[in-house]
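Enquirer: Let me give you the structure first, and then I'll get to my questions.
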Amino acid sequence: MAELLNLNRLVYFTTVMETGSFTVAGDRLGVAKAVVSHQIGKLEEELGATLMRRTTRRVTPTEEGCLFYDRAIIILREAEAAYGEISHGAVEPAGMLRLTAPLDYGAKVVAPVMAAYLKTYPQMRVEAIFDDAVSNLVDEQIDLGIRVGWLADSSNQARRLGTIRQIVVASPAFAASLPSDVGPHQARSLAWVGNAQLRGIGQWLLSRDGETVLTELNPVIMCDKSPAALACVLAGIGLGIFPDYSVNDDIAEGRLVPVFAGWTLPTGGIHAVFPPARFRPAKVRAFVDLLAAAERKRARRLETA
């Protein structure tokens, strides 16, 4: 049983599975190819099963190997998380952090935080997935998800980091073509740029002085990513709704102007979302703390703007 619980052999095995090569796995782990091969052989002996087939050109997992990998990666992640929790304050974070964030928030906010993170913890590496599509943290083996807007119910754990304002904007030329008193009551008759990633958001609730208006938009163009939608609004195609961090610079520099003066949209949240686990690795906690600090700083700037 003690041999079956040898975590080092699980590390060798999962690394070969992920790289598809004994040589590349050895390079990543800093050991010789022969050491990797020997450890995999010992693991197969202990399990009494062939986990992968070797040829001179490639390594192919067997069905048993694929099943064992799914279990082994969970064991290793739990072990890493437990070690990170117990060693908090005693060991500097090291290893790989996999995270995901929306495209625009990733570019505007997360990227600078990653730079600070790597400078503070030089033994860390980061794999960042910036995409408007929501990733499954467990299936895609992601340590941390950054979600902007409104959280859907899930088994994931979350920590709120900040708040976003939604702003209706247009290019100066498009805004100039609108009536001076334009508001949400006329929204359905106007041209809008839609974002296909905002599934389920076909209506927006706007408020002013105690009055609320629930309005449907009329997209003349649908984009599959937030940066594409923003580019279309900048080009003067129509109105768009974006979070403050995405358009503040464009508003300040005159490329966009707010529309529907005095009307406000519901605020959303910025959350750090974690896959279910009993422990939170130090590498994850350290990154979330830096991101939370960046959000507090951003909120102070907005208050004084």
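Enquirer: With N residues in the stretch 106-191, what two-decimal value do you get for its Cα radius of gyration over 2.2 N^0.38 Å?
Expert: 1.61
Enquirer: Could I ask something else about it? At 1.567 mPa s and 4 °C, plugging the Kirkwood radius over alpha-carbon pairs of the stretch 207-305 into Stokes-Einstein gives what diffusion coefficient in µm²/s?
Expert: The estimated diffusion coefficient comes to 77 µm²/s.
Enquirer: Moving on. If amide H atoms are built 1.01 Å from N in the plane of the peptide, which residues on other chains or at least 5 residues away come under 5 Å of the amide H of Thr62?
Expert: Met52, Arg53
Enquirer: When Lys and Arg each count +1 and Asp and Glu each count -1, what net charge do the other residues less than 15 Å away from Leu103, Cβ to Cβ, add up to?
Expert: -1
Enquirer: Let me ask you something else. Can you work out the Karplus-derived ³J(HN,Hα) for every residue in the stretch 24-34? Use 6.51 cos²θ - 1.76 cosθ + 1.60 with θ = phi - 60°, whole Hz, and x for glycine or proline.
Expert: Per residue, the Karplus-derived 3J(HN,Hα) values read 5, 4, x, 4, 5, 8, x, 10, 6, 4, 5 Hz.
Enquirer: On to the next question. Given points 7 Å out from each Cα along the Cα-Cβ axis, report the Ala34 to Glu92 separation in nanometres with one decimal.
Expert: Going by the 7 Å Cα→Cβ label model, 3.4 nm.
Enquirer: Please list, ordered by chain and number, the residues whose modelled amide H lies under 5 Å from the amide H of Asn195; skip anything fewer than 5 residues away on the same chain.
Expert: So Asn195 has HN proximity to Cys223.
Enquirer: I need the fraction of alpha carbon pairs in the chain separated by more than 35 Å, rounded to a whole percent.
Expert: Above the 35 Å cut-off, the chain has 36 percent of its Cα pairs.
Enquirer: Same structure again: Between Ser207 and Glu45, how many nm apart are label points set 7 Å from Cα along the C-beta direction?
Expert: 6.9 nm
Enquirer: Starting from the Cα coordinates of the stretch 124-240, work out the convex hull volume and express it per residue in Å³.
Expert: It is 155 Å³ per residue.
Enquirer: Go through the stretch 285-292 residue by residue and turn each phi into a ³J(HN,Hα) via Karplus (6.51, -1.76, 1.60, θ = phi - 60°); whole Hz please, and just put x for glycine and proline.
Expert: 4, 5, 5, 5, 4, 5, 5, 4
Enquirer: For the chain, give the share of DSSP beta bridges that are antiparallel, in percent and rounded to the nearest 5; count only bridges with both residues there.
Expert: That works out to approximately 65 percent antiparallel.
Enquirer: Show me, for the stretch 229-238, the HN-Hα J-couplings you get by feeding each phi into the Karplus relation (A = 6.51, B = -1.76, C = 1.60, θ = phi - 60°), rounded to Hz, glycine and proline as x.
Expert: 4, 5, 4, 5, 5, 4, 7, x, 6, x
Enquirer: What spacing in nm lies between the two simple spin-label points modelled at Thr60 and Ile129, each 7 Å away from Cα in the Cβ direction?
Expert: Calculated label separation equals 2.7 nm.
Enquirer: Can you tell which of Asp181, Asp132, Asp249 shows the greatest fluctuation in a Gaussian network model of the chain with Cα springs below 10 Å?
Expert: The residue with the greatest mean-square fluctuation here is Asp181.
Enquirer: What is the sum of charges, Lys and Arg at +1 and Asp and Glu at -1, for the other residues whose Cβ falls under 12 Å from the Cβ of Asn248?
Expert: Combined, the nearby Lys, Arg, Asp and Glu give 0.
Enquirer: Pull up all non-local amide H partners of Ala170: gap of 5 or more, or a different chain, and H-to-H distance under 5 Å with H placed in the peptide plane.
Expert: Under 5 Å from the amide H of Ala170: Val257, Val259.
Enquirer: For Leu302 and Asp70, what does the FRET efficiency come to when R0 = 45 Å and r is the distance between their Cβ atoms, rounded to the nearest 0.05?
Expert: Result of the calculation: an efficiency of 0.55.
Enquirer: Give the separation of the Cα centroids, the stretch 1-73 to the stretch 125-151, in Å.
Expert: Value for the Cα centre distance between the two parts: 27 Å.
Enquirer: Would you mind telling me which residue in Arg280, Arg77, Arg28 has the biggest mean-square fluctuation in a Gaussian network model of the chain, where springs connect alpha carbons within a distance under 10 angstrom?
Expert: Checking each option, the largest mean-square fluctuation is seen for Arg28.
Enquirer: Sticking with this one: Given the options Leu256, Leu161, Leu76, which has the most mean-square fluctuation in a GNM of the chain, springs set between C-alpha atoms less than 10 angstrom apart?
Expert: Leu76
Enquirer: In whole Å, what are the extents of the stretch 1-54 along the principal axes defined by its C-alpha atoms, from largest to smallest?
Expert: 29, 21, 17
Any read-out appearing in this document is the output of simple, stated calculations on the displayed coordinates, not a laboratory observation. Keep in mind that what you see is a predicted model, and the values were worked out from it rather than measured. Cβ atoms come from the backbone with ideal geometry, glycine included; neighbour counts cover every protein chain shown.
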